[in-house]
Structure formats: structure tokens, C-alpha cells
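Below you'll find the structure, written out as C-alpha cells, and then a few comments.
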Amino acid sequence: MTDLAGLSSVFGAWYDFRDLNNLQRLITEWIAEWGPDWLASIVTGVLGALGILAVVGPTLLILIWVERKVISRFQQRYGPNRVGPKGLLQPVADAVKLILKEQLAPRAADKLIFFLPPVLIFVPGILIWGVLPFGPRMSVADLNVGVLFLLAVSGTAVLVIFMAGWSSNNKYALFGAMRAVAMSISYEVPMVLALLTLVVFSGTMSINGIVEWQQQEDVIFILLFPLSAIAFFFAASAELNRTPADISEAESEIVAGYHTEYSGMRFGLFYAVELGNTLVVSGFIATFFLGGWWLWGLDQWVPSWIILLAKTAAVYFLLIWTRGTLPRLRIDQLMSFCWKALVPATLLFVVVAFVERTLILSEGWDTTVALPIMAVFNIALTLGAIMLFARVARPAPLRRPARIRMAGADIGGLRAARDVASRREEPQLQVGGD
Amino acid sequence: MTTADDTRLAMQEDSHLAMQGTIEALTTGDGSEPVVVNLGPQHPSTHGVFRLKVTLDGEIVQDAEMRIGYLHRSMEKLAEERTYTQNIPFTDRIDYLAAMSNNLAYCLAAEELLGVEVPPRAQAIRVMFAELQRVASHAMANGTFINDCGAWHTPLFYMFRDRERVLDMFEMTCGARLTTNYMRIGGVAFDLPDELLPTLESFLADMPERIADYEALLMENEILHARARGVGVISPELAVNSSLSGPVLRATGVPWDLRKANPYCGYEDYEFDVPVGEQGDCFDRFLVRMAEVKESLKILRQVVDTLPDGPYLADVPLHARPEPGEAYARVESPRGELGFYLVSDGGPAPYRFHCRPPSLINLTALKEMSVGGTLADAIVTLGSIDIVVGEIDR
């Protein structure tokens, strides 16, 4: 950290694009020369917010294209390729179409509460960006309780979703909202516990502090606490309503869930926020578990925000991949997976983190030796926990293999069925089972 | 204020009250008030315009009621006004995902009525296209089934690649892809084009690899297992008593296949097997379909190897007037037993034209399969039955 700060002070000119904070610092220093202090802090805040909006807005448009294109390639088709070069203007065309569409509201909807959610849902979606560190000094608000802020703000989105679902006066929307509430509340628990592991182990609640800890100890958290990383990834994809946990807007069951009744740009806003949240959550996964803006010294030569964006893109690709591949789980399966598997496992790792932290702090274990040992131990524990879960927690119908037999010469009704079933020979096809 | 306004306000009030009751029932959890949800007639998972009225206690299905008739086109009545040959295009539109099988069943019934002998080459071509149709239809069925399980269209698109190749073969043979209108009374409309057999050969060469891909992607997928195993179970006894047929019946373990039980078009000459399931759940139906595709490929291989020469169409007058009488012919369509019943009064058009649609009869067991499961299970079950609404309503 120290040598990096030293470098920044040497190369800290406004054109040093490794740290975009320099430009802002120059502006605030210039204001401080002639203006009052409060003006400088307001300008700083506004600049940060504008910066985020300027990044998020265009990124969303590009993301729509990226997601559709990647999913298309998974599905053996071209994806958008008509509007603009390589279909790049497709999201713009979509946005124009959505804006021009009529904004319908159900006659029996609760009008005010129906109008608010598409706007309100943007608030947590944008606020979260404020604590994402793009570089050593590049977060809009480097809070010392950043983790708490993140969890608190992201938790408010569920209220908006319930407003949307309730006010629509539509059963699909209500079901979607109910499912969203139940799932968000449940999956926040493993999410909090997974982050608690990091907080306990690194000894800080500042998000930048967690990245700096990883930098200092030369290790990324996914190696130290893989199960927390997996749990966080799954819980986050559940909170984001993405397959395999997209039950609150399960298309094949409840049409579009809580935003069934929203048309035109109101739907577009929900859609945009969903994508934006996916991106920011990928960013946080990259920050917490993959080292954020730090990459074994490379961050001194490549701008830190590019490193973070690259890691974010990798996580985002993983999210698109799971979405493109996996079917959806049922709500009771998701709930039982959360409470019976994720919560105990993450809780176990909180305890492990406490013990290991104590070993380092009180017993004075040398971190260069202790961390690799702990990483190996934790990885083994993770694999053990996953295998134990796969053995113990499988529901009864899955224990038996599904078998396909060939009828051969036995053709007929129930008697032939009994004949085929009573044959001793191996079935033609056997899948699943323990 | 007008009466219409009053009514509207009252409706709004009612709707709000109903909604509040719903919310109370859901939040207090005493289940005192079940919720009625109409799935359809326009819903992503009803595969057409079909309405499923489910009564839910929370997420648990207490009652499921089918409302059909949204796609009724009065085919059976229309057919009484047209000659026997003119009726063939109607059969395309009964089950638009298995037009060849429908053509075949109807032509078999008409041939029985007219006493026509079908030349061997026509028989073999018919088998070829019926089996190609089965491959295409099962690809569609399994793809949409996994979509109903919540996959984001990827398996569906994979399966569509194969279906597309089959449809290309239909197109090069008869000019149409979906509503083929290819079979004729006494044979088929056109002989095979020169490029068909090479295309079919390459299709047969590629398919085993494709099927291995699907099996790798889907068969050991834990989520698919969790969603489909033990869901929508029906016992063999109930399946037989409900007169189910096709993969839905075979998944329960009953080895009933008309190609074996009552061979037509020379199916007795081909070697193939009938795959049956064990549990009768959605996953078994999926597996049975996968296995049936493999068997169909086996049949296709044999048809290509033993394709006889000769005429492809018997000499049948275009405006045939069969003797008064009746005929019933049935085939194993991809969805089950598809039968056509024709009555002739000696005129150029059938006096009565009736279709036994497998989708409709398989659907009747949906209530038994879905009550007690969750809403999501009911959707998966509906997807696994593989209905075609055009066939249900006709």
C-alpha cells in the first residue's frame, strides 16, 4: 500500500489515468483555493455520483448487448446483429421502443404505489455503486462500515419489489413478490454470514480495507474461504433473481412475477436495474473474493479500475453461463437449500475464521506460513462439506436411479409391464441415484 | 353516474377485496382461503391457447381444472364437406408438430375404407417420414419440457438444431416444413428427391454425437433431477384406466407401442425396441423420449438400407367414392395412440370424420398428476405430457 501511495504522489498528475481520483482531487483543491469548504465537499459528491451515473448508464446499454450476445452463442445462434455494427445499437433501439410504448396500468391497481417502484428500485441499485472501490482511493464513499452499508442498502430493494407486486392487483405479480420477499430474506442470511467470514478474518468492515488486506497478505479470499465464496455467489444470484434461482419472475410459472403488469419503459427500468445489479454484484464478488483492484503487483502498471472491470467481467460471464445452462429450482428446494445447507456451512466457516484469526493474533502464527496451511485446510473442509451435503441432503426420490428398460418381446398391458419390471437383466439406461 | 360506471366501481371494489383476502390467506398461513389462478389461455407454459385453472393453497395445488376449446376450428365438421383427398391438409393442422403422423393415420383409415393396397416403396417412405417426425417432435417436446423446468431456452435451441435438419428434409421432399400434406391415399405425394438420402445419411451419422451431448448436458443435471424426479407421478394402473398412451404411458412401465402391438406400414420388418420407464414421473417421460429418439434412428437406418424400388403411389381415383361402411386406423404418433375413424355413406366425402387425439386423452390425467404438488410442479408436469393444443381442440 505504502509504495503504491508513493507512486501515486509521484505520478499523481491529473492525466494519470491509473487513478481517476487525481482529476477530482485537483478540482476540489482548486475550489478550496477560492470557495468555502462545503462547496468542495458537495462538488466532490456530485462529481462522484455523476461519474457513477456516467459509467453505469452506458455500461447497462452495452451489457444488454453483451448478455444477449453471449447467451446467443451458448444457444447456437447469432443474437442481435441487425441494428448498427454487430448489433451494437440493438439496446438503443429496444430502449426507444420501450419509451414509445404505452404505459399501461391495471384499472384496479393501487395507482401511487404502482407508479413508484420503477423509480424507487433505482435508488439501491445506484447507491450500492458508491462503496465499490475501483482503486485504492477510487470509491465515492470509502465508509469504514462499507460492508454494513452494502447489505443494508441492497436489502431495501425487496420492499420496492413487494410494492410492485402488491399494487399491480395481479395474482402472478403477488406470487412473484411473495416469492421474492421470502427468498431475499432467506438468502440474506448466508450472504451476511459469508461476508462476516471476511470481516472477521481481515478485521475490517471497510470494503477497501478488505481489498488492502488481500493485497498485504498476498492472497485472495476465494483461496482462503472457498465455501464462503460459493455461498456468496449462489446467494447473490438468488437475490438477483437469476437462474437457477429466478423463481420470483419464473417465466414458465408466473409469467414475469412482480413486474408482470408493467409495460413500456417501466418494465425497461426494472430490467435495467436488474442488469445493473448483476454487474455491481459481480463487482463485489470480484472485490471481496478475487482481490478487487489488486492483482499481484500488476495494479501498479495497469490502471486498478481496469483490473477490477476485468475481474467483474469474468464473474459476470460466470453468471451468464449459469443462467444459460441451468434449469430453475423450486421455491421449497431453494428455501431448504438455503436454510439446511448454506446457512450451516457459512456459519461453520465463520467459526473457522474466528479460530484461525485467533491463531494468528493471539498465538502469533506467522501469516506467510499459516495462510497457506489454512487455505489448504479450508479448501479440504469445503470439499468435505459439499460432498457431505451431496450425500446427506439429497431428497428421497433422487436417491434411487431413474432406469429405462427395453420391453423386447413383452408388449401389452399391465401384465407385460410386470414382466418387464421383474426382469433381472441390467436396465438399458440408468441415471442418477447415490 | 351511469350504471356501467357503478358496475365498474363495484368490480374494482370486489377485486380489491378479493386481493385483500388473498393476501390475508397467504400471510396468516392458515390456508383458510385458497387462491384460484388461471394459467392461460395466454401463458408462456400452456403451449398454445389452453387454460388451466388451478386452486392454490399457498403454492400447493389443490385442484386443477382444464378449460379447452380456445383453438377449436371445427375440423371434424369441415371434413364432412370435402373429399377424402381434400381432407389430408386438415390432418396437418390437427397436430402441427407431427403432421406426417397425422397424414399417415388418416391415409391408413381412408385406405382401409377404400381397400387400397399401398406399394412397398411408399410404405418404406411413410415409415421414414413418420420416424423423422418422431425425432423432430420429441426434440421439441424435450426442449420445451426443460424450458418449463426453467432453463433459459438453451436445451430448446440445441434440440431445435436437429429438428431444423428434419424440417429441411421435409422441405426438400414435399416443399413444406410444418404442415407437410405429403401422404396420399395409396402412397405419398412425391418420390424422394435425389438429395434426400445423402442428407439423411449425414443426419444419421451426426445424431449419436448430438444425443451424447444432450445426455451429458441434461441427464446427470442435479437440478433437473430435483425438479422432475418424483413429480407428476401416475401409476400404471391409473394410466391404463385413463387410456393414456405414448411416452406418458410407457414412462409408467407399460410396454404398449402400436408399432409393435398392431404393426402398420411394415413396422414388423424393422428391428427396434420399446423403452419403458419405472416410476411414471416427469423425468421418466423425458428419458423415454430420449431413448425413443435413438430407436427411431435405428429404424431410419434400416429403412435407408432396405428402401425398395417401385411405384410410390397406388392408382387411386382422386374423387374416390368408397362403399358405405366404416374404418378405424391408428398409429403410434409421437404423443401416443392417434386414431382416425371414418364413416362413408357412399358419397365422395366422409359421412363422419373423427380423430382420437392422444394429447387430449393424456391431458385428462393432469389433475391426478398435479394435485398435491406445487404450482411449479404442475407446470413441469404439463410440459412433460407434451400436449399440442391444435390436437386437443381440433
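What is the one condition in (1) part of a helix (DSSP H, G or I); (2) out of contact with any helix residue (DSSP H, G or I) (no Cβ under 7 Å at 6 or more places or on another chain); (3) of a type in the set (Phe, Trp, Tyr) that A:Trp296 does not satisfy?
(1)
Would a scan of the stretch A:67-82 turn up a residue that is closer than 30 Å to A:Ser186 by Cα, of a type in the set (A, V, I, L, M) and touching a residue at least 40 places away in the same chain (Cβ under 8 Å)?
Yes, there is a match, as at least one residue in the stretch A:67-82 is closer than 30 Å to A:Ser186 by Cα, of a type in the set (A, V, I, L, M) and touching a residue at least 40 places away in the same chain (Cβ under 8 Å).
What is the one condition in (1) within 14 Å of chain B (Cβ to nearest Cβ); (2) crowded, with 23+ Cβ neighbours inside 10 Å that A:Ala256 does not satisfy?
With (1) within 14 Å of chain B (Cβ to nearest Cβ); (2) crowded, with 23+ Cβ neighbours inside 10 Å applied to A:Ala256, the lone miss is (2).
For the stretch A:306-324, enumerate the residues that are farther than 28 Å from B:Leu218 by Cβ and surrounded by 21 or more Cβ atoms within 10 Å (Cβ to Cβ).
Passing the criteria: A:Ile307, A:Leu308, A:Lys311, A:Thr312.
Just one of A:Ala385, A:Ala380, A:Ala353, A:Ala341 is of a type in the set (Gly, Ala, Ser), assigned to a helix (DSSP H, G or I) and within 14 Å of chain B (Cβ to nearest Cβ); which is it?
The unique qualifying residue is A:Ala341.
In the stretch B:48-69, what residues are surrounded by 15 or more Cβ atoms within 10 Å (Cβ to Cβ), farther than 14 Å from B:Pro357 by Cβ and either touching a Leu at 6+ places or on another chain (Cβ under 8 Å) or modelled with pLDDT under 85 (or both)?
Listed by number, the residues that qualify are B:Val49, B:Arg51, B:Leu52, B:Val54, B:Leu56, B:Asp57, B:Gly58, B:Glu59, B:Ile60, B:Val61, B:Gln62, B:Ala64.
Are any residues in the stretch B:159-180 within 21 Å of A:Arg77 (Cβ to Cβ) and β-branched (Val, Ile, Thr), and if so, which ones?
B:Val166
Can you find a residue in the stretch A:151-159 that is farther than 24 Å from A:Val46 by Cβ and either among the basic types (Lys, Arg) or without any contact (Cβ under 8 Å) to a residue 12 or more places away in the chain (or both)?
Within the stretch A:151-159 (the criterion being farther than 24 Å from A:Val46 by Cβ and either among the basic types (Lys, Arg) or without any contact (Cβ under 8 Å) to a residue 12 or more places away in the chain (or both)), the answer is yes, since at least one residue qualifies.
Mind listing whichever residues of the stretch B:256-292 are in contact with a helix residue (DSSP H, G or I) (Cβ under 7 Å, 6 or more places away or on another chain) and over 26 Å from B:Gly143 (Cβ atoms)?
Passing the criteria: B:Tyr264, B:Cys265, B:Gly266, B:Tyr267, B:Tyr270, B:Glu271.
What are the residues in the stretch A:388-400 that are loosely packed, with under 14 Cβ neighbours inside 10 Å and either modelled with pLDDT of 80 or more or facing chain B (nearest Cβ under 9 Å) (or both), if any?
If the condition is that a residue be loosely packed, with under 14 Cβ neighbours inside 10 Å and either modelled with pLDDT of 80 or more or facing chain B (nearest Cβ under 9 Å) (or both), then A:Leu388, A:Ala390, A:Pro395, A:Ala396 are the ones that fit.
Within the stretch B:105-150, how many residues turn out to be acidic (Asp, Glu) and free of Cβ contacts under 8 Å to residues at least 40 places away in the same chain?
0
Could you please find all residues in the stretch A:410-434 being of a type in the set (Gly, Ala, Ser) and more than 9 Å from chain B (Cβ to nearest Cβ)?
A:Ser422, A:Gly433
Residue by residue through the stretch B:212-260, note down the ones that are facing chain A (nearest Cβ under 7 Å), over 13 Å from B:Phe283 (Cβ atoms), of a type in the set (D, E, K, R) and buried (at least 21 other Cβ atoms within 10 Å of the Cβ).
B:Asp257
Under the condition of being without any contact (Cβ under 8 Å) to a residue 60 or more places away in the chain and more than 23 Å from B:Met100 (Cβ to Cβ), which residue from the stretch B:331-386 is surrounded by the fewest Cβ atoms within 10 Å (Cβ to Cβ)?
Within the stretch B:331-386, the match that is surrounded by the fewest Cβ atoms within 10 Å (Cβ to Cβ) is B:Gly346.
Checking A:Ser362 against (1) under 22 Å from A:Leu224 (Cα atoms); (2) among the small types (Gly, Ala, Ser); (3) under 22 Å from the mean Cα position of the chain (by Cα), which test does it fail?
If we test A:Ser362 against (1) under 22 Å from A:Leu224 (Cα atoms); (2) among the small types (Gly, Ala, Ser); (3) under 22 Å from the mean Cα position of the chain (by Cα), just (3) comes out false.
Go through the stretch A:109-189 and tell me which helices (runs of 4 or more DSSP H), entirely inside it, have 3 or more residues that are within 14 Å of chain B (Cβ to nearest Cβ) and crowded, with 19+ Cβ neighbours inside 10 Å.
Passing ranges, in order: A:146-167.
How many residues does the stretch A:325-338 hold that are within 12 Å of chain B (Cβ to nearest Cβ) and surrounded by 20 or more Cβ atoms within 10 Å (Cβ to Cβ)?
Residues that pass the stated criteria total 8.
In the stretch A:286-324, how many residues are within 14 Å of chain B (Cβ to nearest Cβ) and not hydrophobic (A, V, I, L, M, F, W, C)?
3
Testing B:Gly280 on (1) at negative phi; (2) within 14 Å of another protein chain (Cβ to nearest Cβ), one condition comes back false. Which one is that?
If we test B:Gly280 against (1) at negative phi; (2) within 14 Å of another protein chain (Cβ to nearest Cβ), just (1) comes out false.
Does A:Arg328 count as touching a residue at least 12 places away in the same chain (Cβ under 8 Å) and not in a helix (DSSP H, G or I)?
yes
Among the residues of the stretch B:133-140, is any in contact with a Ser or Thr (Cβ under 8 Å, 6 or more places away or on another chain), among the hydrophobic types (A, V, I, L, M, F, W, C), within 30 Å of A:Asp246 (Cα to Cα) and crowded, with 20+ Cβ neighbours inside 10 Å?
Looking for residues that are in contact with a Ser or Thr (Cβ under 8 Å, 6 or more places away or on another chain), among the hydrophobic types (A, V, I, L, M, F, W, C), within 30 Å of A:Asp246 (Cα to Cα) and crowded, with 20+ Cβ neighbours inside 10 Å, one finds none in the stretch B:133-140, hence no.
What are the residue pairs meeting all of these: first residue in the stretch A:274-285, first residue of a type in the set (A, V, I, L, M, F, W, C), second residue outside any helix (DSSP H, G or I), Cβ atoms under 8 Å, and 6 or more apart or on different chains?
Matching pairs, first to second residue: A:Val280/A:Leu132; A:Val281/A:Leu240; A:Phe284/A:Leu132.
The values are calculated or read from the model by the stated rules, or taken from the named source; none is laboratory data. None of these values were measured; they are calculated from a predicted model. Here the Cβ is made from the backbone with ideal geometry for all residues, glycine too, and neighbour counts use every protein chain on show.
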